[in-house]
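**Student:** I'd like to ask you about the structure that follows.
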Amino acid sequence: MSDSSRVSFFAPFVSVLVPVFNDSERLKICLEALENQTYSPNLYEVIVVDNGSDEDVKSAVSQFAWAIVVYESRAGSYAARNHGISLARGDILAFTDSDCIPAEDWIENGVANLMQVPNCGLVAGKIEIYFKDPNHPTAVELYDQVIAFPQKSYVEKEKFAVTANLFTFRSVLDEIGLFKDMLASGGDFEWGRRVFSAGYRQIYADNTRVAHPARSSLSKISQKATRVIGGHFELSQQANSHQTIFDILKEFAQDLKPPRKDIINVYSNKKLTKFSQKLKVISVLLFVRYLRAWKKLELNFMYCSHPNYLSNNSKT
């Protein structure tokens, strides 16, 4: 029987995994969306993993009788996801985040896309950015709308998907393993590359949608940029990437070059209808680029000066 036939006659059980850290209010909105799915309520479970919140996450989840909450004391969203995976009963695992709002047909479409493609290792769904005040978006919100979560590009060019919207089979996880939970960032990238290296197909599904709030301030976008560059640096060092001081400075000089291609892409982006919006996004783009360059330089020199820096500072 083909995969497409199986969709018509067999609906698999799905485990939805949602890590959370001090985000109870947005978590409730996420759970409300998951409560109203078109997929049969008897065929999915929702596992919320509290990653050491100060807030009362259990009370928030208790409002939804069909959802359960478990606790993971090890810091990091990948440790939380791995704990959820260990408890999941589903043949299919669906990942999203506490600040995401899945569309009502999210599970239905995610499952259908996963099962209709032979040898599919993961489905990357669309992540739609929304503003706190649609009529008055901040410069950072506009930047996030243009830059954040290009899932289609991630799948086609970099062979991974972010865990804000990802579907996979339990059998894939059984074969290639869990997320590297010592990583503060980049665990989805590393895991997705393993899926691709194992020979599985990866697809982008525009009809498998979640909404995600835009980051609204420079401090929030700075925190993300710092976390991402730290994760990428950690992965490069674990791959035994050794650089001399000359290599580090040469790379830093390269990072300081104006990102002309990115600027052109922003200027031609149809989501930005006003010239003032384009200028705002370009200004944030340059800020983030040079912040990342500086943080990468800082990490490289700290690692060169203290070779045990990563082992002493990794989350385990």
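**Student:** Translational diffusion coefficient of the chain at 25 °C, 0.890 mPa s, Stokes-Einstein with Kirkwood Rh over Cα pairs, in µm²/s as a whole number.
**Tutor:** Calculated translational D: 118 µm²/s.
**Student:** For the chain, what is the accessible area per residue in Å² when the probe is 1.4 Å?
**Tutor:** 50 Å²
**Student:** Can you flag which of Lys28/Lys270; Lys28/Lys126; Lys180/Lys261; Lys132/Lys224; Lys132/Lys180; Lys157/Lys180 are past 30 Å Cα-Cα?
**Tutor:** Lys28/Lys270; Lys180/Lys261; Lys132/Lys180
**Student:** Mean residue ellipticity at 222 nm from the helices of the chain, using -39,500 (n - 2.57) per DSSP H segment of n ≥ 4 over the full residue count, to the nearest 500 deg cm²/dmol?
**Tutor:** Result for the chain, helices only: -14500 deg cm²/dmol.
**Student:** Considering only protein heavy atoms and a 1.4 Å probe, what is the carbon-and-sulfur percentage of the accessible area of the stretch 102-234?
**Tutor:** Carbon and sulfur atoms account for 50 percent of the accessible area of the stretch 102-234.
**Student:** Then there's this: If you build the Cα gyration tensor of the stretch 142-204 and take the root of 5 times each eigenvalue, what three semi-axes come out, in whole angstrom, biggest first?
**Tutor:** 21, 14, 10
**Student:** In nm², what is the average projected area of the convex hull enclosing the Cα atoms of the stretch 1-157?
**Tutor:** 10.9 nm²
**Student:** Could you pull out the trypsin sites (Lys or Arg not before Pro) across the stretch 98-165 that fall in loop regions by DSSP (anything but H, G, I, E, B) with no more than 11 other Cβ atoms inside 10 Å?
**Tutor:** Lys132
**Student:** Which aspartates and glutamates does Lys271 reach when only Cα atoms under 18 Å apart count, and residues fewer than 8 places away in its own chain are ignored?
**Tutor:** Glu128, Asp133, Glu141, Asp144, Asp206, Asp262
The values are calculated or read from the model by the stated rules, or taken from the named source; none is laboratory data. Quick caveat, the model's predicted, so the values are computed rather than measured. For neighbour counting, all protein chains shown are included, and Cβ atoms are generated from backbone atoms with ideal geometry for every residue, glycine included. Surface areas here come from the heavy atoms of the whole protein model, side chains and all, with no ligands, DNA or RNA. Shrake-Rupley method; radii C 1.70, N 1.55, O 1.52, S 1.80 Å.
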